[in-house]
Every structure is written in structure tokens, then in C-alpha cells.
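One structure is given here, and the rest of the page talks about it.
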Amino acid sequence: MKRMDAENLVDETPAYDIDDDFEPWAANADATLPHDRYIDRELSWLSFNQRVLELAEDQTLPVLERTNFLAIFASNLDEFFMVRVAGLKRRIITGIAVPTNVGKAPLDVLADVAERAHALQLRHATAFRELVYPELARAGITLVEFASLDAAERAQLRDVFSKQIFPVLMPLAVDPAHPFPYISGLSLNLAVRVRHPKTLKEQFARLKVPTNVLPRFVRVGAGSARSVRYVLLEDLIANHLGDLFPGMEVLDHHLFRVTRNEDVEIDEDETENLLQALEKELLRRRFGPPVRLEVQDGIDQVTLDLLVRELDITEQEIYRLPGPLDLRGLFDLGRLDRPELKYAPYVPTTPVAFQTSEPNQPADIFAALRRQDVLVHHPYESFATSVQAFLEQAARDPDVLAIKQTLYRTSGDSPVVEALIAAAEAGKQVLALVEIKARFDEQNNIEWARKLERAGVHVVYGLVGLKTHCKLALVIRQEKGQLRHYSHIGTGNYNPKTSRIYEDLGLFTADDQVGKDLTRLFNELSGYAIERKFKRLLVAPLHLRKGLLKAILAEQSNAEAGKPSGIRIKANSLVDEAIIDALYHASRAGVPIDIWVRGICAIRPGQEDYSQNIRVRSTLGRYLEHSRIFRFVGDGEPLVYIGSADMMHRNLDRRIEALVRLTRPEHIADIDEMFDLAMSDTTASWALESDGTWLRRSIAEDGAPLADMQDRLMQIIQSRPRLAVRR
């Protein structure tokens, strides 16, 4: 894993999205609700990352999983600074000092964020040094300092340095002939002070530690499967600085790291070729202004003053930390082949409806969908034998005439993309809507878009000013002289790698109305049609917010009339003020409301006057909770949606999002079972208190551990029948 939604870690790392929403506070004035009814969104995000850190601190978890959580925390925080903190700074510098969601000026929020982030980074470093590393060492995974090695080991590493590291290094001097070099964002660097032996003149040099091309952990000796020792790459380099500065006296060296504003801004209205404009902007991204300087404890004042001056960094932006810096490198240790130090392996099952009685015989997906809608739950149920199989079967089926699909984030060597290419090469009509503005995946998506175009796929990039975030696939098949629609609407990306670690839901259906809805929606995305209302879909930006507010108001009215009522929402983030205020009014009316959120939550539960009927829980674990669910009691006619939208301004107002209504009673029962587990007092989770703090509950009163929800879902899904049900 490399990057835990924030809907973006690279490869298989869970991505915790950082919201790009910098709109001013947008809630309507409501004299019946207090002004302090929202929790600050930036501090709420930091609370989320603290929950990730608490998993790393949990001594009941396998140590390599805890190591991964440390790396995830570090990666998350990097992205937070690159986007959210950078945005706050931009608003301060440009004078756009509009209030935040809690009415504070950006300067005040920035101060609060800095105070909290400093404390969390120190806690993070302490967790590694005092909690996780000692357990790694007991398991035979140790980090040693170069200075502690014997002569033979030093000789071995010197050979490694000379042959594999030295040729890659590029020391850069700073003097009148050599200006201070550009320090790339997130790079690990050595600040080196040297002295000329004759003139005694001191000089400064910067040496980048090339962790992007060399392993961060350099193995010492052969070791064994149960005992490995490593030297950090920066330690090995630091002990061979004489080779890089021959004839000079090395006085001192210190590690430092810079985080820059790496958000991308494009004026689409002024751009005819979005692809080319984005490529140019990606090049400029590397040169954003610094927003954080991390330095190792003990850095001398002369070096620090130089860095502060040249980087134009304030004292608030300096983070003094014990080594090692950049704990994203711990992802490398997490890949060690030590299964006893990781979660027990879990093999996803094939969804019951797609199972066959013949071993190794793929199911006829289309026949299964003609019998019934199918709701799949990843990663408990296999992406490969459901979503991937659906697209691959469509690509090779001679009766399939067209495939239409959205692609927000995908993976290298994606079988999904290969299926679209195969379909186009077979002469089918294929439309791929590629969102090339998916943050931090822009370059990957550009490459995939061009590969698809070369294969004959019709590639479009969505609507100007709106990101296409919905997860849709539509297959048109000719059957008995008529055209039939087969649809998939999901909560997660069409990414086979992240499907193994992201928790997501997806609905497969041959329902004609859903197919017609998707046909119209794809026409709007690729052409000039104007969005209208749909039958089984709620689509942003025009109708999704309205539809949800209408459903919330209906529950409020039911409660006021003494009818059954209830609201359950599962989302990555809940920030939108209009939605929150509607939930407050429903709570006042007596509607029981359960909120299940992974990341940011601006709602303030447990207030006697307006939110006493609201409960908020968060679950984090081996899988990244990523599905979005909206469940309304509906006075006996439940209204249940799943889809791609979080409750944030960007999702509701500036993205194409889609929710699909579930109609089968067994699917609604599955949703209810999930919520019952998540909200149960016997399930381990974090509960949001009214003061904005999150209280972790993992141990029962008798000292026994509370149930792990994800483990329980594994058991439930594994226990389902092993043969497809014919209905």
C-alpha cells in the first residue's frame, strides 16, 4: 500500500479523499438553530486521521498492519497539507477571507490546524519509536545505525553504496554561482554544511535522498526469513558524504522535507483542449509554494535559518520531529512476507447469483440478471467474478452492441480498460467517460484515455466545470430482435486493485427503467442534453440534493404525524450545511437518525435542543469503508439508495453523481443488517461526542474485545449458500 478516500494513495493504498471545496459558508440563516451547530471540517478531518493513528497504536492488531497504519497516517497528512492547508493559505494570501463552515476566518482556522497537526505529528513519531518499532524488533525486523555495524557489515554496505547508490546522487552546492536549488515537494533531503580545509570557508549543499528510485530500507547482510536488519537509506548516504564532497570537511548534516501546494487549477471555460491544459498544469504542480517544513530534531540554527529564509517558511510551518522523517516509507516494511504479522488472509467469494455448479465455469451474467437484481459487496464478494466478469463477458458477446462506462480512478494493467479495448476492437460501440481531473490520478487517467482512443473507443471528458464521479456501466444487448439494457451502478471505482481493500456496494440490474435512465445520463455526459429527472436515479448537481432533502422532510413529517420514521446515512464525509440542518430539524421532530461516517463529520450530535436523536459512529479497519448508503423508513415503504455521492458541496453541486434506488426486500434487509452491526454497542467503533471528540469503544465492560464489524461481515458472507439461487 502507498496512499488510507480520502477518496489518494497510489497502487493498492486506500485513498482518503481530501475535499477540494473552498466555497464560503453556505448554510441558510436559521434562527431556530444555534450558530455553533457545526464542527469545524478541518479539525474533523484531523480527528479522522487520529483514528487511523489509534489503529497503529492498538497493540491487539498485527504489527505489520500497525506499520501500514503509520504509513497511511503520514500519506493522509501529506495530502491534507498539499490541498486543504494550501487552500487556506491561498485564501489568506489572496484576501478571500470568507468564513469557514464554522464562521471562523481562514487565518484562525489555520492556527487551529497547525496546533493540532503539530501534536499529531509528534504523537505519530512517538507511536513508531515507542510502540510499533519495539514490536517489530521483537519479531526480528530491526533498524540499525550504520555506526553500530561491524567492519564486515560496513564493507558490505559500502559496496552497495558505491555500486547502487552513489551514481544516482546529485549534490547541489549553494554559493554565488549556484543559487539555492528547488526543493521538490515531499522529497527527503540532507542539508549538508562543509568547510574548505584551506580557506576555512563554510558552505551549504543540498542532497536529495532518492527514495523515489531506491529502496528506503537497505538490507544488512543475508539474514533469514525471521530475522532481517536494515539501515535507512539516508543514514547510509550520510555516512558516505566524504565520497560526495572529496577534499572538503563535512561539518554537519540534517534531514529535512518540504510539503508544497500541489492542487491543480484549470479554467475549463478558457481551455479548448482540456487534456493538453491539464498536462501543462501537472508540470506546474511541482512548483507550488511551500506549506510545511519538516526537520529532524537537533538541526543547527544556521541551517534552519537558511531553509526558512530560502523557502519563505513561517515558524508555524516548521515541524521539528524525531527521526526518521517521512514514515510513508513504512509501506515497504508492510510488504514483507511475514503472514503471521498481518491480518489473516481472506478470499472474496463469488456472489451467490453468479455462482455455477460447474467448477471453473464462468457464470452467464446476463442470464443471472434476467432473473433478478444482484447487489454485490466488495471486498467480501469478488470484483473479478462480478464487475470484471460482467465487462469481459460483454466485450466478447456477439449479441452485445454497445458498452458505456465512467472511469474515475483505475489501475495499471486494468482488466476493465482491456475489456473496453477488446470490445472496441471487436467492432462494438464503446464509450468511456474518463475523468482526467481525478486528483493525483490525472497523469494515469491521461495515459489510459489516450490508450483507449488509439483502440477506437469513444473517449469523452465529461461536462465543463463538473467532475464526473459517478460509477456507471451500461451494456446494450440484442435479444430476440429487441434491445435490452444491463446496468451496474456502484459506490466505488472500477479498480481491481483497490476493490480488494475498499468496502463498496454495486447494483447489477436488467431493469429496463434503470437502463433508460443510464442511457439518458450517458447522452447528457457525452452530448448536449439537459439533465432531467430520472425514475430510479438521483443525479447531481440538479436533483440529488433536492431528492435527499425531500426524503428527510418526509421522515420529519411522518414523525410529527406519529407515523414510523427513521434515517440512516453512511458516507465518507458529511459536511453540507443544508443536509445537516435538515437532519437537525428531523431530529427535533423525533426522527431517529443514525450516521455512519468514515472521515469528516460536521454534524454535532447529542444536543438536547436539536440533535438528541442523532447518533454518529465511525468504523476503520483492514478495509477502507467507502460505500454510500441513504436509508429512509418511508412509513412502511422504505426508500434506500446507494451511490457515489458524499454529503459535501463538491459532490452535490460540482460533480456528476448518481444514486440508484434498491427495490428488492432482501437487498434492503442486507443494508439494515449492516447498519445494525455498525451502530450496535457490541461492535467496536468510534462514537462522536457532542463536543466534537471521538470516543473509541473497543472493549466491553467485562474486558472482552467488542466485535469487529468487518470480521463479522466476512463470516456472514462466507456462510451464504455456495450455489446460485434460481428464482
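The values are calculated or read from the model by the stated rules, or taken from the named source; none is laboratory data. None of these values were measured; they are calculated from a predicted model. For neighbour counting, all protein chains shown are included, and Cβ atoms are generated from backbone atoms with ideal geometry for every residue, glycine included.
Odds and ends about this structure:
- Residues of segment 49-81 that turn out to be assigned to a helix (DSSP H, G or I), over 14 Å from the mean Cα position of the chain (by Cα) and of a type in the set (A, V, I, L, M), as a count: 6
- Residue match in segment 383-404 (condition: in contact with an Asp or Glu (Cβ under 7 Å, 6 or more places away or on another chain) and closer than 20 Å to residue 498 by Cα): no
- Note on segment 316-420: enclosed helices (runs of 4 or more DSSP H) holding 2 or more residues that are over 30 Å from residue 117 (Cβ atoms) and under 27 Å from the mean Cα position of the chain (by Cα) are 389-396.
Condition check ((1) of a type in the set (Ser, Thr, Tyr); (2) farther than 21 Å from residue 525 by Cα; (3) within 25 Å of the chain's Cα centre (by Cα)) across all residues:
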site: 634; (1), (2), (3): no, yes, no
site: 641; (1), (2), (3): yes, yes, yes
site: 647; (1), (2), (3): no, yes, yes
site: 653; (1), (2), (3): no, no, yes
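- Whichever residue in segment 491-511 is surrounded by fewer than 24 Cβ atoms within 10 Å (Cβ to Cβ), charged (D, E, K, R) and under 26 Å from the mean Cα position of the chain (by Cα) and, among such residues, is modelled with the lowest pLDDT: 497
Quick grid of which residues meet (1) assigned to a loop (DSSP other than H, G, I, E, B); (2) modelled with pLDDT of 95 or more:
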position	(1), (2)
472	no, yes
477	no, yes
489	no, yes
513	no, yes
525	no, no
528	yes, no
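- Unmet requirement for residue 533, which otherwise passes all of (1) of a type outside the set (Phe, Trp, Tyr); (2) surrounded by fewer than 16 Cβ atoms within 10 Å (Cβ to Cβ); (3) not in a loop (DSSP other than H, G, I, E, B): (3)
- When 174, 213, 218 are screened for being among the hydrophobic types (A, V, I, L, M, F, W, C) and more than 36 Å from the chain's Cα centre (by Cα), only 174 passes.
- Residue, nearest to residue 189 (Cα to Cα), within segment 261-312, restricted to residues that are of a type in the set (Lys, Arg) and modelled with pLDDT of 70 or more: 292
- Residue match in segment 585-605 (condition: closer than 30 Å to residue 342 by Cα, of a type in the set (Ser, Thr, Tyr) and modelled with pLDDT of 95 or more): no
- Segment 582-600, residues that are under 21 Å from residue 30 (Cα atoms), touching a strand residue (DSSP E or B) at 6+ places or on another chain (Cβ under 7 Å) and of a type in the set (A, V, I, L, M, F, W, C): 583, 586, 591, 593
- Of all the criteria given as (1) closer than 26 Å to residue 55 by Cα; (2) assigned to a strand (DSSP E or B), the one not satisfied by residue 605 is (2).
- If only residues of segment 171-210 that are assigned to a strand (DSSP E or B) and of a type in the set (Gly, Ala, Ser) are counted, the one that is modelled with the lowest pLDDT is 173.
- Selection status of residue 217, at pLDDT 95 or above and over 22 Å from residue 298 (Cα atoms): yes
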